[in-house]
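Please read the structure below before turning to the comments.
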Amino acid sequence: MSVGLKTPEQKKVNEIRSKLGELARRLSGQELSPTAMAELHLLVQSVANNDFTSAQRHHLNLVKTDWANNNEWLLGLKTMLLMAKKYLEKSG
């Protein structure tokens, strides 16, 4: 592949990586509210169980309650959830 040319999925992965880097920074700085942390924990548990419907519900709860403070990484998280769900549907 030529330098600078990327498939749409590679571009999405790079965007996700960048946005979730912000989440990692916020987590390491303990900058998330207890409510956001609890909802994020539930979301991660849902993903671990391949329950993307529940994960998307927890994501929506985060959007409703914490959008103003966390919109950058929430966008990346949504994209990641959609890509993971699509991948699992194709492979399963």
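Rule-based calculations on the coordinates, nothing more; no lab input. What you see is a predicted model; the values in this text were computed from it and never measured. Here the Cβ is made from the backbone with ideal geometry for all residues, glycine too, and neighbour counts use every protein chain on show.
Points to keep in mind about this one:
- Take the Cα of Asn49, step 7 Å toward its Cβ, do the same at Leu27, and the gap between the two points is 2.0 nm.
- Cα shape, the chain, gyration tensor, a/c 1.5 rule: oblate
- Helix 52-91 vs. the chain, principal-axis angle (Cα, 0 to 90°, nearest 10): 40
- Coil-residue GluC sites (Glu not before Pro) of segment 12-92, DSSP, other Cβ within 10 Å capped at 14: Glu31
- Gain on full stretching of the segment that runs from Gln56 to Leu88 - 0.36 nm per residue minus C-alpha separation: 10.0 nm
- The chain: most fluctuating residue of Gly76, Gly29, Gly21 per GNM, C-alpha cutoff 10 Å: Gly29
- Pairs of lysines in segment 8-91 (C-alpha under 20 Å apart; 8 or more residues apart or interchain): 16
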